[in-house]
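Peer 1: One structure is given below, represented as structure tokens, and several questions about it will come after.
The values are calculated or read from the model by the stated rules, or taken from the named source; none is laboratory data. Not measured: the values here are computed from a predicted model. Neighbour counts run over all protein chains shown; Cβ positions are idealised from the backbone, glycine included.
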Amino acid sequence: MSNDGVIALAWNRIRLLKESPVGMVGAFLVLFWIFVAIFAPLIAPYDPNANNMDALIDPTPSAVNWLGADNSGRDILSRIIWGSRTVLIVAPIAVICAYIIGCLLGLMAGYYRGWVDQVINRIADILLSFPAIVLYIIVIMKLGPSAINVIMAVIFVATPQITRIVRGMTLELRERDYVAAAKMRGETALYIMLVEILPNARGPLIVDACLRLGYTTIAIGVLGFLGLGLPPPDPDWGGMVKETYAMMTIYPHMSLFPAAAITSLVVGFSLLADGMREISLRD
Amino acid sequence: MLAFLFKRIALLAFTMLAVSLLVFLAFEFTPGQVARKVLGPFATQDQVDRLTEELGLNRPVIERYFDWLTNTLQGDLGFSTLYKQPVNDIIWDRLGNTLLLAGVAFAVIVPLSIILGIAAGMKEGSILDRSISVSSIVTTSVPEFASGVFLATIFVIWLGILPGTAPLDAGAGWPIWQQLILPVMVMVLYDLGYVVRMVRASMVEVMTRPYIRTAILKGLSFRDVILKHALRNAMIAPFTVILLQINYLITGVVVVEAVFAYPGFGRMLLEAALSQDVATVEAAALFAVFVSVSTQIAGDLGYMMLNPRIRFS
């Protein structure tokens, strides 16, 4: 598919979204955070890692620090704004990587069947038998906490799930007439998988990808909260809650605002996915 | 049916074996690190080598794996370097605590999700349906640590009627049942919406069947149509989904337990992982996989029994 095709398709989806109010709310929330992440250097009032000792005297929200300051005197608004960059860079990269691997494996399993399918399925089975959070913990424990390793952990958890979905759809689509026609034309297996089968599986995959961005945002937040995410001091929302949660009873604002930030982004992804599902059911 | 059961149990054994090998390889492929960890950074390479040999860690990895596997099968789960006692002495207590939490949460989630799912699914597209559906999407989208923060703000700081931690000792001044309320609320909020949507989808599907239309047309009250005709069939598909929640409730509670300092299985796994306590993590990972695969088998079996039209081969 050409680049223009992808843009036209995306635009078509966005136009259709107007018919789903829930989807519109989701799109608004997601676009809001994308905007914040892109213009973070322009919007953020302070350096997210700068310690302002004056703010420590009274860290509650004020005219100087609109959302207050954290336990190290850092401006919470600036940290939330910069934190949106962390999550909106890490989550899409992780999901795209998982999709590339998952689509390839799923296509191969569903198209070739036989022993290829058996091997891929067994490996997916084993990875799927781990509860996601346990797999996250093991991967990070083994590789160490960093942005790259968070991406690796998401790939380990998401790839077998994507493989399953793509495999199921490939099993169905490989019996279609246009696949038989392509085979008769003498197209290669790779061409058939990527050009004939994959584009026709896109509907459910787009909805799944959107939901998965939400899950991945949760996962990144959870890993940060558990101390397995990005190393300090760079802001990530889960880590911000972790650092200040012990002081909840005295200064609830330190944990509340980052918790609200991550919640609004995940809710955005989920509502957007629901809106798109609704539209795809209609056509 | 028996053949199916045997096949699934054989598959369970195979999966457990593969998982155990995977986990073992992940942590113990480079055994020099174990001795280095025990002796600290100031030990000489000579000392590290000697301890490695004493511990038998210089033997081939496959040999060590079989040793470890034999011990595990005999019930010896190894020694925890974090808690300074055998893994067996901690893991069962922690599991008991988690089962308590999971049991209470499960007892809330099942009836609530069935009621909400059926209420939403009996008239597709109604206002009731839309509001239940959208709110279940929203509640499942709130990360557990975030809903922990929100609920603690309301009930601990603002109203002051619940404790913010659940260490399960009565010394803190709060009875145990009150300590359980917030963790259970967080788990219910996170998990409920998913089950509600499954029950709803099944109910919507059942309500389009001809026999429901017949029941309505022959003048049965709406209440009887739902309770006597739709309910039973609508519960077949979500049964598996509900059983699979046990898996989340027992092994996925790491975050909830971390938020409320609850002395359970998930927090044990997290603490062990953070301090590189390999024996405990291995035991916990194996147990988690065991729970997850056996709930799947139980789900399949229950589905077969509920739905006589389906027979697996």
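Peer 1: Considering only residues that are outside any helix (DSSP H, G or I) and over 22 Å from B:Gly252 (Cα atoms), look in the range A:133-181 and name the one that is nearest to the chain's Cα centre (by Cα).
Peer 2: Checking each candidate, the answer is A:Ser146.
Peer 1: Could you grab the pairs with beta carbons closer than 6 Å, sequence gap of 6+ or different chains, first residue in the range B:1-25 and without any contact (Cβ under 8 Å) to a residue 24 or more places away in the chain, second one aliphatic (A, V, I, L, M) and part of a helix (DSSP H, G or I)?
Peer 2: These pairs meet every condition: B:Ala18/A:Ile126.
Peer 1: If we scan the range B:237-250, do we find a residue that is among the β-branched types (Val, Ile, Thr), within 13 Å of chain A (Cβ to nearest Cβ) and within 12 Å of the chain's Cα centre (by Cα)?
Peer 2: Taking the range B:237-250 and keeping what is among the β-branched types (Val, Ile, Thr), we get B:240-242, B:246, B:250.
Next, from what is left, pick out any that are within 13 Å of chain A (Cβ to nearest Cβ): B:246, B:250.
Still in the running and within 12 Å of the chain's Cα centre (by Cα): B:246, B:250.
Checked against the condition, which is being among the β-branched types (Val, Ile, Thr), within 13 Å of chain A (Cβ to nearest Cβ) and within 12 Å of the chain's Cα centre (by Cα), the range B:237-250 yields at least one hit.
Peer 1: Output the residues belonging to the range A:102-144 that are more than 14 Å from every other protein chain (Cβ to nearest Cβ) and among the acidic types (Asp, Glu).
Peer 2: Correct list: A:Asp117 only.
Peer 1: Oh, and also: Does B:Pro183 satisfy being outside any helix (DSSP H, G or I) and either of a type outside the set (Phe, Trp, Tyr) or crowded, with 23+ Cβ neighbours inside 10 Å (or both)?
Peer 2: It is false that B:Pro183 is outside any helix (DSSP H, G or I) and either of a type outside the set (Phe, Trp, Tyr) or crowded, with 23+ Cβ neighbours inside 10 Å (or both).
Peer 1: Of all the residues that make up the range B:251-286, how many are within 11 Å of the chain's Cα centre (by Cα), modelled with pLDDT of 90 or more and at the interface with another protein chain (Cβ under 10 Å from one of its Cβ atoms)?
Peer 2: Of the residues in that region, 2 qualify.
Peer 1: Can you say whether A:Val179 is closer than 20 Å to A:Ile96 by Cβ and not basic (Lys, Arg), as far as the supplied structure shows?
Peer 2: So A:Val179 does not fit the description; no.
Peer 1: Of all residues being at pLDDT below 85 and of a type in the set (Phe, Trp, Tyr) in the range B:287-313, which is nearest to the chain's Cα centre (by Cα)? Just the residue, please.
Peer 2: B:Tyr303
Peer 1: Additional query: Taking helices (runs of 4 or more DSSP H) that do not extend beyond the range B:80-156, which have at least 2 residues that are within 30 Å of A:Thr217 (Cα to Cα), under 16 Å from the mean Cα position of the chain (by Cα) and more than 14 Å from chain A (Cβ to nearest Cβ)?
Peer 2: B:87-121
Peer 1: Restricting to the range B:157-178, what's the tally of residues that are in contact with a Phe, Trp or Tyr (Cβ under 8 Å, 6 or more places away or on another chain) and surrounded by 14 or more Cβ atoms within 10 Å (Cβ to Cβ)?
Peer 2: Residues flagged as in contact with a Phe, Trp or Tyr (Cβ under 8 Å, 6 or more places away or on another chain) and surrounded by 14 or more Cβ atoms within 10 Å (Cβ to Cβ) within the range B:157-178 amount to 7.
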